[in-house]
Amino acid sequence: MTGRQNWQTAFLNQAKVDWDAYQKTRRGMWPECHQLLFLQMASEKLAKALLVAGHSSLEAITQSHAAFVKFMQIASNNRKLQRAFGMKKSQQRAQFKSLLPIAYEIELLAPALAQRGPNPEYPWEDATGNILTPANYPFPLVIRLRQTPQGLQLLKYIEIFLNRFEELFM
Amino acid sequence: MSQNHNILSAAESLIQEHFELEPNLENVIWINSDKTTEIRLLEINSMTFPAGAVLSFYFPPDEEFPYPTIMAEITPEEWQKVLRNEIPLPEGWTLENHKVYSREMATV
């Protein structure tokens, strides 16, 4: 195994355990912030597991948190996905495009990208000067993930990508 | 048919397909187009989300498309920063021997 392959395996394994943690927090009585924290971490590492096979430097990959949306955009060109899901290229492209806004919401949960706004890890100050705590904040994204076709579809894809990563991306 | 001709034909048909599928695609840069073993594409899309970096993804070859392909998508503003060396290209990528494809060129 090359160094890059080791990194790929490591990102994928960590993404899978983050996803498992997300599933457990979804089923139990965990605060929404913890659900979203694990979902954001799983999706970022899933993206990086594919990214690390490309030519981007490890420094760029590890420092950037803006990987998941790029992953979804680029994955829409993946011929193996088209065959696996029996979709035409144009259908797959359109479907993935419809998922980008909610993927972007997940990506923006990373504190580094949240720009001192809602995020699942650290308190923040809103425009009126109130200090808000992730543990008590009603994240609208949770509802969108559970109750919209895009949210449900995106979660389904993340699970499929993690479970069938080698088949679909390698 | 030469190896160069084969990869040229494959790259250009892929680029044309991407222009057909993505209306917001402005240009496609075929990076290091003299390489005959893989295709590196940098796509400039006005509607993509900026990442502040050129994040490149690998697609393995398969029976339908026999060349490994490495693709990245950036905004027009990020492309200007690449040209000004404010955003680095991925490792091993240079702007020597690159080809720029516009929608008009690709759909001729």
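What follows is calculated from the coordinates using simple rules that are stated; it is not laboratory data. The shown structure was predicted, so the numbers you read here are calculated from the model rather than taken from an experiment. When we count neighbours, we look across all protein chains shown, and the Cβ atoms used for this are built from the backbone with ideal geometry, even at glycine.
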The size of the Cβ-based charge dipole (Lys, Arg +1; Asp, Glu -1) of the protein assembly as shown about the Cα centre, to the nearest 20 debye, is 760
Among A:147, A:114, A:134, the residue whose Cα sits farthest towards the positive end of the charge dipole of segment A:3-169, when +1 is placed on the Cβ of each Lys and Arg and -1 on the Cβ of each Asp and Glu, is A:147
Bridge orientation stat for segment B:3-106 from DSSP, antiparallel percent rounded to 5, came to 70
Mean 1/r over distinct Cα pairs of chain B, inverted to a Kirkwood Rh in Å, yields 14.1
Per residue of A:75-86, other chain Cβ atoms within 10 Å number on average 3
Assertion target for A:137, B:101, ordered by fewest C-beta neighbours within 10 angstrom first, is A:137, B:101
The distance between the Cα centres of segment B:1-57 and segment A:10-49, in whole Å, is 33
The answer for the per residue Cα convex hull volume of the protein assembly as shown, in Å³, is 143
Rounded to a whole number, the mean other protein chain Cβ count within 10 angstrom for residues of B:46-54 is 6
Residues B:71, B:47, A:1 in order from fewest to most other beta-carbon atoms within 10 Å are A:1, B:47, B:71
Given unit charges at Cβ for Lys, Arg (+) and Asp, Glu (-), the dipole magnitude of segment B:3-106 about its Cα centre in debye, nearest 20, is 340
Charge tally for neighbours of residue B:41 with beta carbon under 13 Å away, counting Lys, Arg as +1 and Asp, Glu as -1, is -3
Cα-based Rg then Dmax for segment B:55-108, in Å, read 13.5, 39
For A:38, A:68, A:85, ascending order of other Cβ atoms within 10 Å (fewest first) is A:85, A:38, A:68
Note, residue B:54: beta-carbon cut-off 11 Å, +1 each Lys/Arg, -1 each Asp/Glu, net -1
extent check for segment A:62-152: Cα max minus min per principal axis, descending, whole Å, gives 50, 32, 18
The answer for residue B:56, listing residues at least 5 apart or on another chain whose modeled amide H is closer than 5 Å to its amide H, is A:55, A:56
Mean per-residue count of partner chain Cβ within 10 Å for A:48-59 equals 6
Given backbone amide H placed at 1.01 Å from N, residues whose amide H is under 5 Å from that of residue B:33, ignoring those fewer than 5 places away on the same chain, are B:98, B:99
In degrees, nearest 10, the alpha-carbon axis of helix B:3-21 is tilted away from the dominant principal axis of the alpha carbons of chain B by 50
Pseudo-spin-label distance residue A:121 to residue A:143, built 7 Å along Cα→Cβ, given in nm, is 2.7
Segment A:3-169: relative contact order from alpha carbon pairs under 8 Å, six or more residues apart, as a whole percent, is 23
